[in-house]
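This report concerns only the one structure given below.
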Amino acid sequence: MTFYDWLAKQANLRPNAVALVDTASGRSFTYEEFNLRASRFARFLRKEWGLRPGERVALLAPNSTDYFEILWGCAKAGVILVCLNWRLAVPELAFILSDSTPSALITAVEFEDAARELSDLLQFKHQLTIETGYEPALSSTDPEPLTMPPRAYDDIWHILYTSGTTGRPKGVLQTFGMVFYNALNIGLPMELTSRDRTLNLLPFFHTGGLNMLTNPTLHVGGTAYIMRAFDPAQTLKLFSGEITAFFGVPAIYLFLSQHPEFEKTDLSGVRAWCVGGAPMPHPLIETYAARGIAIRQGFGMTETGPTVFVVDKENALTKLGTVGKPQMHVDVRIVGADGKEVPQGERGELLISGPGVTPGYWQAPDLTAEAIQDGWLHSGDVAEADADGYYYIVDRWKDMFISGGENVYPAEIENVLYSLPQISEAAVIGIADERWGEVGKAFIVAVEGANLSEEDVLIFCRKHLARYKVPKVIEFIDMLPRNAAGKVKKTELRK
């Protein structure tokens, strides 16, 4: 199988259609303009910097249309882009750069201090600051479109490093084939077309930013609005006007629902809503359902492109908690500790296979062999399926704890906590206990002005949970630590 140049194709088929809108700068580019700018950057990489196919270019920058021009320019040049997490400290970035060994470092001006420190630590053949060097770089090359030669399915396009919550970050290889099959796996259930306008506000150093839904939008010839950083007020304003389809993480939906303009904003123009990245609390789903909005839950991983599951719109509200069914180009199994499939309704580890699964991790054959066995990716997630074929992600294996011999899944407790109206956010972890081995500790962010005590929380939990699931410790905090994708950083809570 080969991957063709979507951008060149759309520039030929829909040259005057708007491809990208940058909400921070107000700039917009048609497919013809986008293709030309990416082509010029590809020529710059080849001719001015002399980079060869397979060399790496690291990018440390916030979301912008420039970011996608660089991404597609690297594709045309055969260069691998390393998408750097700008939230990391310099030593963390240095580890990633020493692992990926890029020939060049491109940074936004706001990260120039970090760039100088990294330059002192590592050797880069070339460096460029976007605000001062990017436009001159484009102007230095021939103003002619460049069509990427067909790429093999397993050719690497970019590398996304995991957040490192279980140790050193791993460079997940992102192939052209993965991007293509994800465009199908999410584009088909969301019915994306060239008439759609999607809002993309998740950071581009995550698969959710690049592929939920920016690249799928470009695949169908729609318009991708790119937000530099999440702004609830601006997001609601865009929802009331231009946007027709949206993917977000639960934290985004939560912050939007808490904004003063939420109830006043007309959201009827957004025809498709989707969520992933973490379990969506049932009360939050019901908040949007009261507005006539059925938010469709899904599930995926950096290693899967990411889309694996999406629930159909018809059952988004009738089967609360489900992530749906496996999508068109993916296969799944649920297995027990013995590696054998568990009976329907029982819990086990979710295994994933298909053309959207990564071939592995950058320069880490041992980690690849551990994660992918006999063609199946071991997700590390506890899952179960019901009689109708709908799947439920119960929790992460590593987040589960054992209290008095019973398996306890924090996500179940968190769903109960979220149904208390005085609770804004909640997270549960297991902590050591002399009597029971482990017990639950709940971190709670109360709604501003709410009168909520530890005993109130415990009384509520005792009414809705088995005794061994009730948290033994309650701690009120101002906010939950989250990563850039909106996931709660439980490693910080454990510390």
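The values are calculated or read from the model by the stated rules, or taken from the named source; none is laboratory data. Computed from a predicted structure; not experimentally measured. Every residue, glycine among them, receives a Cβ derived from its backbone with ideal geometry; neighbour counts consider all protein chains shown. The protein model used for the area step is the full one, side chains on, heavy atoms only, and it has no ligands, DNA or RNA in it. Shrake-Rupley method; radii C 1.70, N 1.55, O 1.52, S 1.80 Å.
Some notes on this structure:
- Some residue of region 58-68 being touching an Asp or Glu at 6+ places or on another chain (Cβ under 9 Å), open to solvent by 10 Å² or more (accessible area, probe 1.4 Å) and over 22 Å from L202 (Cα atoms): no
- Residues that are assigned to a strand (DSSP E or B) and under 25 Å from the mean Cα position of the chain (by Cα) within region 24-37 comprise S28, F29, listed in sequence order.
- Qualifying residue in region 328-344 (condition: in contact with a helix residue (DSSP H, G or I) (Cβ under 7 Å, 6 or more places away or on another chain) and under 26 Å from T223 (Cα atoms)): yes
- A single entry from L218, L184 fulfils the requirement of being in contact (Cβ under 8 Å) with a residue 60 or more places away in the chain, over 28 Å from L88 (Cβ atoms), assigned to a helix (DSSP H, G or I) and not aromatic (F, W, Y): L184.
- Scanning region 38-93 for residues that are under 24 Å from G208 (Cα atoms), in a helix (DSSP H, G or I) and among the charged types (D, E, K, R), we see that the one that is modelled with the lowest pLDDT is E92.
- Region 95-121, subset of a type outside the set (S, T, Y) and touching a His at 6+ places or on another chain (Cβ under 8 Å), residue surrounded by the fewest Cβ atoms within 10 Å (Cβ to Cβ): A104
- Hits in region 271-289 - residues which are open to solvent by less than 10 Å² (accessible area, probe 1.4 Å) and either of a type in the set (D, E) or under 16 Å from L199 (Cα atoms) (or both): A272, C274, V275, G276
- Test: D399 is open to solvent by less than 20 Å² (accessible area, probe 1.4 Å), touching a residue at least 12 places away in the same chain (Cβ under 8 Å) and assigned to a loop (DSSP other than H, G, I, E, B): yes
- Among the candidates A432, A411, residue that is of a type in the set (A, V, I, L, M) and either crowded, with 20+ Cβ neighbours inside 10 Å or not in a strand (DSSP E or B) (or both): A411
- Restricting attention to region 306-322, the residues being touching a strand residue (DSSP E or B) at 6+ places or on another chain (Cβ under 7 Å) and either part of a loop (DSSP other than H, G, I, E, B) or of a type outside the set (D, E, K, R) (or both) number 10.
- Listed conditions (1) over 27 Å from A8 (Cα atoms); (2) touching a Leu at 6+ places or on another chain (Cβ under 6 Å); (3) in a loop (DSSP other than H, G, I, E, B) are all met by F111, apart from (3).
Residue by residue, here is whether (1) part of a helix (DSSP H, G or I); (2) under 28 Å from the mean Cα position of the chain (by Cα); (3) closer than 15 Å to I429 by Cβ holds:
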site	(1), (2), (3)
E455	yes, no, no
K463	yes, no, no
Y468	yes, no, no
E475	no, no, yes
L480	no, yes, yes
A485	no, yes, no
E492	yes, yes, yes
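- Number of positions in region 344-387 that are small (G, A, S) and over 27 Å from Y409 (Cβ atoms): 4
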